[in-house]
Amino acid sequence: MELQEVLHQKFGYESFRPGQQEVIKELLAGRDAVAIFPTGTGKSLCYQLPAYILDGAVIVISPLVALMEDQVANLRKHKEKRVVAINSFLSSKEKELALSTMAHYKFIFLSPEMMMQQHVRQLVQQLHIAFFVVDEAHCISEWGFDFRPDYLRLKELFSVLKRAPVLALTATASKKVVEDITTYLHMRNPHIERQSMDRPAISYRVVHLDNELAKTEWIIDRLATTIGPGIIYVASRKRADELSAIIRERGIPTASYHGGKEQDERSIIQEQFIQGELEWICATNAFGMGIHKDDIRQVIHEHLPATPSAYIQEVGRAGRDGDQAAVTLLYSVRDIQKVKFIVYEDLPDEQQILYYHSLLQSGTGSQLAAEQAGLSEVASRLLDYYLEQYDIEHVIRQIEQIYQVKEKQIAEMESYVKSERCLRQKLVQFFGENTSPAETDCCSNCQNLDDDWLIKSQASTEHVNKALQWSERLRQLLG
């Protein structure tokens with residue numbers, strides 16, 4: 001069957017988006033590929049379509065439960081029943097059943113941690129596999145070296161001589177990230193398909209403010225006078241809860257979303273936002289991957305993201321429908337120190353590494369050694385992985401390199417917020433691209449922003465005012 005026929009029959013589309021057909025042809029020819037497509041430009045089709053042409057199962061390694069569940073729901077929407085996500089959503093019995101019946105499924109979604117469990121690997125190796133997919137593959141570089149070492153262990157899976165092709169998917173990847181992906185996935189002369197990071201419908205703003213209080217006031221005014229739906233990214237769980245409560249008091253439907261909430265609660269909030277029952281979400285970076293909401297009109301960052309990659313990923317969730325969207329980064333002078341504290345908090349220093357290693361050598365258990373060395377669970381897990389692979393001197397050098405990479409990324413974000421050049425150009429240049437400023441509605445540095453489309457209508461303002469009156473009355477009645 002021709003690719004065009006499958007595209008129309010299975011997915012209802014008349015034509016491919018740029019880059020999709022090229023990636024699909026590489027997979028069908030049995031070759032590895034990396035697809036770097038901006039958010040909302042059809043990465044999932046690159047593995048879903050060839051799955052219907054090739055025999056065997058497709059193993060999708062995915063970093064987040066929310067992302068897996070979204071992909072599963074999307075496939076079922078297209079009447080695909082042979083799909084399973086084996087994750088924490090399943091009870092022990094459900095997980096056992098899913099693992100024992102894997103051969104019946106076409107699409108099997110697993111986390112890196114689940115995939116690298118010995119009994120799961122053995123079950124997967126018994127399957128006839130069409131190809132592997134590593135979704136959100138930039139996480140290998142951005143998370144693997146920090147707190148998800150099982151991403152780095154994937155090389156054990158793909159280093160064997162005879163294996164199915166591997167497709168790596170990501171919305172953003174610098175030259176270094178692409179190198180990390182291809183190295184740690186043991187990709188063999190992979191085809192690299194890169195689409196531009198530039199999203200013409202998005203306009204960019206950097207707003208300099210004195211402190212957090214000024215940021216709060218700016219956000220309240222912004223939400224009262226401009227349209228949603230939108231996402232406000234904040235640096236911590238506590239701040240997400242605090243800010244969403246302040247906004248709700250103003251009568252604007254808002255909820256907080258972060259990893260500290262129960263999975264069921266996160267799922268409900270996510271669904272309410274997608275269905276339009278919530279206008280705004282105050283979130284940590286735990287929110288976003290796998291959230292398919294096309295009409296997000298604004299993304300606001302109250303904090304400075306740690307990397308250009310994280311920033312372009314998060315703002316890329318705006319305007320997936322191709323209509324205008326506005327993104328704003330609020331910046332104050334203390335933000336650099338704050339982001340450094342957050343980024344370096346879990347990284348061990350040389351003394352901690354040496355002490356932890358000496359405790360392990362003396363027979364102290366990993367958990368107790370970590371406590372005595374003052375290491376977080378994340379740091380001890382990272383060191384355990386590196387100490388399995390290398391001698392202590394190499395481990396120290398490896399951690400030093402991580403520090404240097406993070407320092408460079410923070411410096412890039414600092415140069416972005418302080419730049420007087422076109423913000424659109426500046427952002428895509430971090431990924432080795434060049435683009436021209438948009439003629440209208442480009443960025444705050446180009447000084448050609450058109451905010452008229454953002455202004456709330458009189459009807460919506462009256463609705464907010466009424467909600468505010470009721471909120472105030474309830475507060476007075478109930479305290």
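Overview of results
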quantity	calculated
Enumeration of residues in the stretch 27-85 that are in contact with a strand residue (DSSP E or B) (Cβ under 9 Å, 6 or more places away or on another chain), surrounded by fewer than 19 Cβ atoms within 10 Å (Cβ to Cβ) and basic (Lys, Arg)	Arg31, Arg76, Arg82
Residue that is farthest from the chain's Cα centre (by Cα) [pool: residues in the stretch 363-410 that are surrounded by 12 or more Cβ atoms within 10 Å (Cβ to Cβ) and not in a helix (DSSP H, G or I)]	Thr364
Matching option when the condition is in contact with a Leu (Cβ under 8 Å, 6 or more places away or on another chain), more than 20 Å from Ser309 (Cα to Cα) and not polar (S, T, N, Q), among Ala255, Ala214, Ala168	Ala255
Lone qualifier among Ser111, Ser100 - being loosely packed, with under 15 Cβ neighbours inside 10 Å and small (Gly, Ala, Ser)	Ser100
Restricting the stretch 299-324 to residues that are assigned to a loop (DSSP other than H, G, I, E, B) and among the acidic types (Asp, Glu), the residue that is surrounded by the fewest Cβ atoms within 10 Å (Cβ to Cβ)	Asp323
Residue satisfying all of: in the stretch 217-244; in a helix (DSSP H, G or I) and more than 25 Å from the chain's Cα centre (by Cα); surrounded by the most Cβ atoms within 10 Å (Cβ to Cβ) among these	Arg222
Test: residue in the stretch 187-195 that is free of Cβ contacts under 8 Å to residues at least 40 places away in the same chain, in the same structural domain as Ala130 (by TED's automatic domain parsing) and more than 17 Å from Glu136 (Cβ to Cβ)	no
Only one of Lys43, Lys25 that is among the basic types (Lys, Arg), under 18 Å from Ala173 (Cβ atoms) and either at pLDDT 85 or above or not assigned by TED's automatic domain parsing to the domain that holds His104 (or both)	Lys43
Residues of the stretch 259-298 satisfying the condition of being closer than 15 Å to Ala66 by Cβ, assigned to a loop (DSSP other than H, G, I, E, B) and aliphatic (A, V, I, L, M)	Ala286, Met289, Ile291
Condition check for Glu14: without any contact (Cβ under 8 Å) to a residue 12 or more places away in the chain, not in a helix (DSSP H, G or I) and not aromatic (Phe, Trp, Tyr)	yes
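The values are calculated or read from the model by the stated rules, or taken from the named source; none is laboratory data. Quick caveat: nothing in here was measured; it's all calculated off a predicted structure. Don't worry about glycine lacking a Cβ; one is built from the backbone with ideal geometry, like all the others, and counts go over all protein chains shown.
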